[in-house]
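Down below is the structure, laid out as structure tokens.
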Ligand code: M6R
């Protein structure tokens, strides 16, 4: 049931404050401000030498965002790769390691094959799935459930942010076990996560503005998405979403890579969408945007209200509320999803059933 929405995708985008909140409250103890997983980790988190992650599509982007959290907050080295490469690369894996798979459906062929490969290599298996009865849930040592509810739209939206929510909690649990955060820092980070559903609700209020920008975007032949840190995987996700449902060619780049090639594409016809939360690489991102402006690129800046002023060059700005930087990806995902959705709708495309795509990819 689509309720009052035109598409499941719109409904699912708007469900995010609720389902992300639900997922968070499952892995955090909000009354004490601590992380509390409803399961035992299948390895000793304190001594684990590295974490291997594999997934496909949007679930892979969630893993990539989380790799920054695991490394930065828990000081846990991460190896991450798309499942279609991982399974055939046949990487050697040290026994007793931990393999993390991420999948909405829990049935994706390549991700499942990676799970089985890792198991044969003596790894413990932790999977993050949205379908509790799925094959991946069954074959894992621990299946952690996102509480997104059924996702009908082919484009993954609420499953993605719920995966991020769960991964953030997992990163905190590892950090705690490894002693890289103390109780005070834990409380601070838990409070930041607790604020996320409200911030997502705020971000959803930018929809009318995003809709106007989408009209413009629908005329573009190519679109570039840029970001640094966790906004880099989000740039990849933005490009994937736009391609998937509007069929406009889009690419995501790490903003610092711009001058190593893609800047050659920049002219007044190329919309460049920049994801710039106020984090430790904010200034670096802004200077990349100034390089785009110097080549007459059309800039759409997703950032905090004062950023436009600091940028000092003309840009359309989607202003999100001020927030702590650690988990901004959960909030910045929203305008990215809305932009893709409204562009597709404006172009008359079926956002729920894009051509050539299936919700669950059970063949490789
Ligand atoms: O069910 P899964 O999470 O394993 O699916 C993985 C991808 O097929 C999926 O995320 C796909 O990229 C989406 N259509 C993206 O919106």
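Largest first, the three principal axis extents of the alpha carbons in segment 216-322 are 32, 26, 25 Å in whole numbers. The stretch between residue 187 and residue 85 holds 32.9 nm of extra length on full extension. This uses 0.36 nm per residue minus the Cα-Cα distance.
Volume per residue of the convex hull around the Cα atoms, evaluated for segment 1-83, comes out as 149 Å³. Treating each Cα of segment 125-278 as one equal point scatterer and applying the Debye formula with no solvent, the log10 of I(q)/I(0) at q = 0.13, 0.16, 0.20 Å⁻¹ comes out as -0.82, -1.12, -1.34. Computed from Cα positions, the angle between helix 329-346 and the longest principal axis of the chain comes to roughly 50 degrees.
Take every Cα pair under 8 Å whose residues are at least 6 apart in sequence, average their separation, divide by the length of segment 105-216, and the relative contact order is 15 percent.
Segment 79-118 has equivalent-ellipsoid semi-axes of 17, 11, 8 Å, by the square roots of 5 times the alpha carbon gyration tensor eigenvalues, sorted largest first. For the chain, set up a Gaussian network in which alpha carbons nearer than 10 Å are linked by springs, and say which option among 226, 301, 258 fluctuates the most. In this elastic network of the chain, the residue with the biggest mean-square fluctuation among 226, 301, 258 is 258. Using a Debye calculation, one point per C-alpha and no hydration shell, please list log10 I(q)/I(0) for segment 136-207 at q = 0.12, 0.14, 0.17, 0.26 Å⁻¹ in order. Log10 I(q)/I(0), no solvent term: -0.46, -0.60, -0.83, -1.21.
Working note: Cα atoms of segment 96-181, range along each principal axis, descending, whole Å: 40, 32, 18. Counting every C-alpha pair in segment 180-269, the share spaced more than 19 angstrom apart comes to 58%. Taking only the C-alpha atoms of segment 26-155, the Rg (one decimal) and the largest Cα-Cα distance, Dmax (whole number), read 14.3, 45 Å.
Connecting C-alpha atoms closer than 10 Å in a GNM of the chain, tell me which of 170, 311, 145 has the biggest fluctuation. Top of the fluctuation ranking is 311. When the alpha-carbon atoms of segment 266-323 are used, the pair Rg, Dmax equals 10.6, 32 angstrom.
Taking only the Cα atoms of segment 320-359, the radius of gyration and Dmax are 13.9, 39 Å. Entry note, the chain: relative contact order of 20 percent, from Cα contacts under 8 Å with a spacing of 6+ residues. Between 276, 74, 264, the GNM of the chain built on Cα springs shorter than 10 angstrom shows 264 fluctuating the most.
Please determine, in degrees from 0 to 90 and to the nearest 10, the orientation of helix 207-217 with respect to the longest principal axis defined by the Cα atoms of the chain, where the helix direction is its Cα long axis. Tilt of helix 207-217: around 70 degrees.
With only the Cα atoms considered, the chain has a convex hull volume of 130 Å³ per residue. Note on segment 266-364: the C-alpha convex hull projects to 8.6 nm² when averaged across all orientations. Helix 16-27 and the longest principal axis of the C-alpha atoms of the chain enclose an angle of approximately 20°.
Readers should treat all values here as calculations from the given coordinates under stated rules, not as data from a laboratory. Since the model is a prediction, treat every value here as computed from it, not as a measurement.
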